[in-house]
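The values are calculated or read from the model by the stated rules, or taken from the named source; none is laboratory data. Keep in mind the model is a prediction, meaning the values are calculated, not measured. Here Cβ is always computed from backbone atoms with ideal geometry, including for glycine, and neighbour counts include all displayed protein chains.
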Amino acid sequence: MSDMAAATADNSIEGLIGSYRARQIPRARLLSVLTAAGASTAAAVMLVNLAELAGPVQPVRTSAGSHHQPAASAGVDMATAHDEHLSNQTAGTSAVDAKARSAAVAQMMSDYSLSAVVNDPLFGGPLVGQAAIAVHKTAEMAAISDLSFNLLSRSIVGSQILATWELEGLHSGPYYSLPATGKRIRMQGATVQTRGQDGKILVETLYYDAAQMRRQLSQH
């Protein structure tokens, strides 16, 4: 049995993080398993640190097919697919009006499977399906403008992609019930994606300091 399988019955990165947060495996063991599976040491440390700051443990959900489909096929370049995903996200924050924003969101949704799951620590539970994900992405794009995104690292870890990043943007529009502050938002985070054979995202899990993000969004 491999180190990854031995660490937890759920050998996804989300499963490993969950086992760590439940104190089923120690930090050193988790870092060792992540780096052995393909993550850089810096990315693994950043991911674990962010997982500790993500807030109360929330149920992380995988899509119905994520455990039954192999990783993206050999014909899908996961790094290229991820670059296109980031480009679509950035383009949405630059949309000049609601119509352009809607078009950007539609383009981004083509990257997700119909039953995709997004786990975000800012919410009490997972976003399931393209419609729910589209509502969230639209809210993000409407709230944050002048976005500067810096990809710090990207690693293939087993069948998943792990990216660490930092971003800065202007909170220029309302975010759900939170009015615009007119202030700049800065944050670091990590994203874990699982893609199917067709290259579409099955599961996307974000790790960042949710409490810090809430403070920035509500501080006037």
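Based on this model, can you work out whether VAL117 counts as touching an Asp or Glu at 6+ places or on another chain (Cβ under 7 Å) and within 22 Å of ALA54 (Cα to Cα)?
Numbers: touching an Asp or Glu at 6+ places or on another chain (Cβ under 7 Å): no; within 22 Å of ALA54 (Cα to Cα): yes.
Against the criterion (touching an Asp or Glu at 6+ places or on another chain (Cβ under 7 Å) and within 22 Å of ALA54 (Cα to Cα)), VAL117 does not qualify.
For segment 185-195, the condition holds for at least one residue, the condition being that it is among the hydroxyl-bearing types (Ser, Thr, Tyr) and under 20 Å from GLU14 (Cβ atoms). Segment 129-220 holds no strands (runs of 3 or more DSSP E) entirely within its bounds that carry 3 or more residues that are within 21 Å of ASN49 (Cβ to Cβ), among the small types (Gly, Ala, Ser) and modelled with pLDDT of 90 or more. Scan segment 133-150 for residues that are touching a Gly at 6+ places or on another chain (Cβ under 9 Å), surrounded by fewer than 16 Cβ atoms within 10 Å (Cβ to Cβ) and either polar (S, T, N, Q) or not assigned by TED's automatic domain parsing to the domain that holds ASP120 (or both) and the total you get is 2. Only residues that are of a type in the set (D, E, K, R) and either in contact with a Gly (Cβ under 7 Å, 6 or more places away or on another chain) or more than 16 Å from ALA91 (Cα to Cα) (or both) were counted across segment 151-179, and they come to 2.
So which residues in segment 176-205 are of a type in the set (A, V, I, L, M, F, W, C) and either outside the structural domain of SER148 (by TED's automatic domain parsing) or without any contact (Cβ under 8 Å) to a residue 60 or more places away in the chain (or both), if there are any at all? Residues satisfying the conditions are LEU178, ALA180, ILE185, MET187.
What is the residue count in segment 27-50 for residues that are among the small types (Gly, Ala, Ser) and either free of Cβ contacts under 8 Å to residues at least 12 places away in the same chain or assigned by TED's automatic domain parsing to the domain that holds SER153 (or both)? Step through it out loud before you land on a result.
First pass over segment 27-50, keeping only residues among the small types (Gly, Ala, Ser): 28, 32, 36-40, 42-44.
So of that shortlist, the ones also either free of Cβ contacts under 8 Å to residues at least 12 places away in the same chain or assigned by TED's automatic domain parsing to the domain that holds SER153 (or both) come out as 28.
The number of residues fulfilling the criteria is 1.
Only one of the numbered conditions (1) hydroxyl-bearing (Ser, Thr, Tyr); (2) within 19 Å of the chain's Cα centre (by Cα); (3) surrounded by fewer than 20 Cβ atoms within 10 Å (Cβ to Cβ) is violated by THR164, and that is (3). Do we find a residue being touching a helix residue (DSSP H, G or I) at 6+ places or on another chain (Cβ under 6 Å), in contact (Cβ under 8 Å) with a residue 40 or more places away in the chain and of a type in the set (A, V, I, L, M) anywhere in segment 87-94? The answer is no, given that none of the residues of segment 87-94 is touching a helix residue (DSSP H, G or I) at 6+ places or on another chain (Cβ under 6 Å), in contact (Cβ under 8 Å) with a residue 40 or more places away in the chain and of a type in the set (A, V, I, L, M).
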